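See structure below.
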Amino acid sequence: MVVHFKLSALRQGRPYEYVVRFVLGGLATVVAGLVADWAGPVAGGLMLAFPAIFCASATLIEKHERERKQQKGLRGEERGRSAAALDAAGAGWGSLGLACFALVIWWRASDSPPALCLAAASLIWFAVAVLMWRLRRELR
């Protein structure tokens with residue numbers, strides 16, 4: 001699989017689907033803020049790490065793939081589930097890169113200049129993300 005960016009994919013979604021994603025992401029942020037007020041910033045940060053948009057994205061991916069197959073007169077249930085599962089696997093692999101980013105920030109933030117710490121954490125995230133992507137390709 002080659003990773004690429006397609007602006008034309010934005011036309012595949014319906015406006016209400018984008019609204020659902022926006023609202024779910026906003027609600028997760030509000031809940032994280034409320035949890036931070038109630039239980040402290042550590043608990044709020046953990047809540048903020050919840051991938052609020054993932055649930056909406058997985059269901060929309062499944063729906064779009066199923067509809068594409070049905071337009072061609074085929075049953076698309078299996079294809080839809082497979083596409084959503086592939087997205088879920090990518091989110092899981094990507095979470096490892098995000099966890100490494102967070103570890104570098106946690107480990108170096110108190111004794112490093114903020115810009116240097118952020119740059120190092122970003123480089124680590126990128127390296128881990130690319131490594132996980134390549135590893136996934138090798139395991140197939």
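The values are calculated or read from the model by the stated rules, or taken from the named source; none is laboratory data. It should be emphasised that the depicted structure is a prediction, and the values quoted were computed from it without experimental measurement. Every residue, glycine among them, receives a Cβ derived from its backbone with ideal geometry; neighbour counts consider all protein chains shown.
Structural remarks
- Of residues in the range 84-140 being touching a helix residue (DSSP H, G or I) at 6+ places or on another chain (Cβ under 8 Å) and basic (Lys, Arg), the one modelled with the highest pLDDT: 108
- When the range 20-79 is limited to residues that are in contact with a helix residue (DSSP H, G or I) (Cβ under 7 Å, 6 or more places away or on another chain) and not in a helix (DSSP H, G or I), the one that is surrounded by the fewest Cβ atoms within 10 Å (Cβ to Cβ) turns out to be 75.
- Here residue 83 does not fit the description of being out of contact with any Pro (no Cβ under 9 Å at 6 or more places or on another chain), in a helix (DSSP H, G or I) and exposed (fewer than 13 other Cβ atoms within 10 Å of the Cβ).
- Close contacts from the range 8-30, counting a first residue that is among the small types (Gly, Ala, Ser) and a second that is surrounded by 11 or more Cβ atoms within 10 Å (Cβ to Cβ) and not in a helix (DSSP H, G or I), with Cβ to Cβ under 8 Å and a gap of 6+ residues or different chains, come to 28/50.
- Looking across the range 109-131, the residues that are surrounded by fewer than 16 Cβ atoms within 10 Å (Cβ to Cβ) and outside any loop (DSSP other than H, G, I, E, B) come down to 114, 115, 116, 119, 122, 123, 126, 127, 130, 131.
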